[in-house]
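The values are calculated or read from the model by the stated rules, or taken from the named source; none is laboratory data. Note that the structure is predicted; figures quoted are calculated from it, not measured. A quick note on method: Cβ atoms are made from the backbone with ideal geometry, for glycine too, and the neighbour counts reach across all protein chains shown. Only protein heavy atoms, including side chains, enter the accessible area calculation; ligands, DNA and RNA are left aside. Shrake-Rupley method; radii C 1.70, N 1.55, O 1.52, S 1.80 Å.
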Amino acid sequence: MAQQEKKSSASSPGIPWRTRIALSFVSTITDYSRRQNGTVDRRLLGIFGLKTSANSNPVNGVKSYDVTVDSSRDLWFRLFIPTTDESRNLSSLPITVFFHGGGFVYLSPDTKAYDAVCRRFARKTQAGSSAPAVVVSVNYRLAPEHKYPAQYDDGFDVLKFLDNEKNRELLPENVDLSRCFLAGDSVGGNLAHHVAKRASEMTSNFDALKVIGLVAIQPFFGGEERTESELKLVEVDALISVRRTDWMWNAFLPPGEGMDRDHEVINVCGPRAVDITKLDNFPATMVVVGGFDPLKDWQMRYYEWLKRSGKDVHLSEYPTMVHAFYIFPEVPEATQLILEIKDFVNKQCSKVVKN
């Protein structure tokens, strides 16, 4: 009830000025990096991008390594392993495969903000009963250098890599691949959905790995239509505008018939939507929506579509939040969302019956 009252009365996003300045800075740099010919100035991004290395020495109870999957396409992931005695003594740890945001064009697992977020996902919360988890943060290929479907192929191939028995030694002995979650924010949420869908269609491809949960944090979907929130919130959210999202979709899609914003991977529940009603193995899904996110109408349509398709879906609304709010630890709702996601993971894990 409190959330509903806040939703109706808030006239501006409830985020600190520090966060607003950071969002404006990111927005400005990405705008300058986009060239008129459809390419991206990677050199400029390299100057301003804040990166951090993997650290085999535990930081706040989590260590990390970078693991190469396929060097020919620069496919790798950053592996986050909780190191506390409790983590090592647990009979099993869930594993979360995470896809970062960035419009299919920007960022990577070694971006400082995403390294920090994945550490938060991996470690046990100090308050509450949320258990730790192993986290795999995927470095998928970026557009416009690599068009669709490269990103989805990379995500699915990481699942196959993890499932391959010869690669199990890279993971802790107590990791449980039958408790696998896919998660991502913005385009990472889009990726997580489509990789989960492909995994549900191809369960015979896996020996041990089973995707039992999907966390779509403010997922990046769209369409040829302009929704009310896209038009109304264009001046409110520093990151998302129709002009920027159109550019990103154009950078992402290859040329050809049917390659427009109503493509099934963009307008996931639109006129060319794939029927998932018969995908019995499609995982339970948590959809996160921000009240000041211009993409919220597409995200709500996604949630309603999953419900109509008979899927187990949970909606989490943050009425005063903008796109990508949870990346910023100074925002109180960021911690709230991390805890909520961990609770979702715990609940889904509790449903798994071991043979």
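How far apart, in nm, are the 7 Å Cα→Cβ label points at Leu231 and Leu339?
3.9 nm
Quick query: amide H of Asp176 versus all other amide H atoms, modeled in the peptide plane; which residues come in under 5 Å with a sequence gap of 5 or more or a different chain?
Close amide H contacts, sequence-distant or interchain: Leu93, Ile95.
Provide the net charge surrounding Thr277, with neighbours chosen by a C-beta distance below 9 Å and charges set as Lys +1, Arg +1, Asp -1, Glu -1. Walk me through the numbers before you get to the answer.
Working: positive: Lys278, Arg308, Lys311; negative: Asp275.
Its environment carries a net charge of +2.
Where q = 0.07, 0.08 Å⁻¹, what log10 of I(q)/I(0) comes from the Debye formula for the chain, counting one point per Cα?
Debye intensities relative to I(0), on a log10 scale: -0.27, -0.36.
Where does the charge balance sit around Thr52 when Lys and Arg score +1, Asp and Glu -1, over other residues with C-beta under 12 Å from its C-beta?
Around Thr52, the charge tally is +1.
Please name whichever of Met202, Leu191, Leu231 sits farthest to the positive end of the charge dipole of the range 186-246, dipole taken about the Cα centre and charges placed at Cβ: Lys and Arg +1, Asp and Glu -1.
Met202
Protein chains only, probe 1.4 Å: how do Leu279, Leu339 rank by accessible area, largest first?
Details: Leu279 25, Leu339 60 Å².
Highest to lowest solvent-accessible surface, that is Leu339, Leu279.
Show me, for the range 148-155, the HN-Hα J-couplings you get by feeding each phi into the Karplus relation (A = 6.51, B = -1.76, C = 1.60, θ = phi - 60°), rounded to Hz, glycine and proline as x.
Along the range 148-155, the couplings run 3, x, 3, 5, 6, 4, 4, x Hz.
Gaussian network model of the chain, Cα springs within a sub-10 Å range: biggest mean-square fluctuation belongs to which of Pro254, Pro271, Pro132?
Between Pro254, Pro271, Pro132, it is Pro271 that shows the largest mean-square fluctuation.
Could you give each residue of the range 140-145 its phi-based ³J(HN,Hα) in whole Hz, using Karplus coefficients 6.51, -1.76, 1.60 with θ = phi - 60°, and x for Gly or Pro?
8, 5, 10, 7, x, 5
Could you rank Arg141, Arg88 by how accessible they are, 1.4 Å probe, largest area first? Don't jump to the answer; show the numbers that get you there.
Numbers: Arg141 50, Arg88 135 Å².
The ordering from most to least exposed comes out as Arg88, Arg141.
Can you compute the FRET efficiency between Leu44 and Ser91 using 1/(1 + (r/R0)^6), with r the Cβ-Cβ distance and R0 = 45 Å? Round to the nearest 0.05.
Rounded to the nearest 0.05, the efficiency is 0.40.
Which listed residue (Pro332, Pro283, Pro13) has the Cα farthest towards the positive end of the charge dipole for the chain, taking +1 on Lys and Arg C-beta and -1 on Asp and Glu C-beta about the Cα centre?
Selected residue: Pro332.
Where in the range 110-124 does the label zone of Ser53 land, with the point 7 angstrom along Cα→C-beta and an amide N cut-off under 18 Å?
Label zone hits: 110-113, 115-116.
Based on the Cβ-Cβ distance of Lys160 and Ile29, what FRET efficiency does E = 1/(1 + (r/R0)^6) give at R0 = 30 Å, to the nearest 0.05? Don't skip to the end; give the middle numbers.
Details: r = 35 Å, r/R0 = 1.16.
My answer for the efficiency is 0.30.
Could I have the simple spin-label model distance between Val352 and Arg168, label points 7 Å from Cα toward Cβ, reported in nm to one decimal?
Those two pseudo-labels are separated by 1.4 nm.
Take the alpha carbon gyration tensor of the range 80-160, find the square roots of its eigenvalues, order them as a ≥ b ≥ c, and report rounded if a/c is under 1.5; if not, report prolate when a/b exceeds b/c, else oblate.
prolate
Would you mind working out the accessible area per residue for the chain, using a 1.4 Å probe, and quoting it in Å²?
Value for the chain: 45 Å² per residue.
Given 5 Å bins starting at zero, what is the percent of C-alpha pairs of the range 1-120 in each, up to the one with the largest pair distance?
In whole percents, the pair-distance histogram is 2, 8, 14, 16, 15, 14, 13, 9, 7, 2, 0.
Taking only the Cα atoms of the range 203-267, how large is their convex hull per residue, in Å³?
Cα-based convex hull of the range 203-267, divided per residue, equals 141 Å³.
Is the range 120-226 rounded, prolate or oblate when judged by the Cα gyration tensor, a ≥ b ≥ c being the square roots of its eigenvalues, rounded requiring a/c under 1.5 and prolate requiring a/b larger than b/c?
Values: a/c = 1.92, a/b = 1.29, b/c = 1.48.
Because a/c hits 1.5 or more and a/b fails to exceed b/c, the range 120-226 counts as oblate.
Say R0 is 41 Å: what FRET efficiency, to the nearest 0.05, do Ser71 and Ser12 get from their beta-carbon distance?
0.30
Given the range 125-252, what count of lysine pairs have C-alpha atoms under 27 Å apart, with each pair 8 or more places apart or on different chains? Display every interim value, and only then the final one.
Working: Lys147/Lys160; Lys147/Lys197; Lys160/Lys197; Lys160/Lys210; Lys166/Lys197; Lys166/Lys210; Lys197/Lys210.
Lysine pairs meeting both conditions in the range 125-252 amount to 7.
For a test of the definition: using alpha carbon positions, the gyration tensor, and the 1.5 limit on a/c, classify the range 199-353 as rounded, prolate or oblate.
oblate
Counting only GluC sites (Glu not before Pro) that are in a DSSP loop and have at most 15 other C-beta atoms within 10 Å, tell me the longest site-free stretch of the chain.
1-144
Please give the calculated 222 nm ellipticity per residue for the chain, where each DSSP H segment of at least 4 residues contributes -39500 (n - 2.57) and the sum is spread over every residue; nearest 500 deg cm²/dmol?
-11000 deg cm²/dmol
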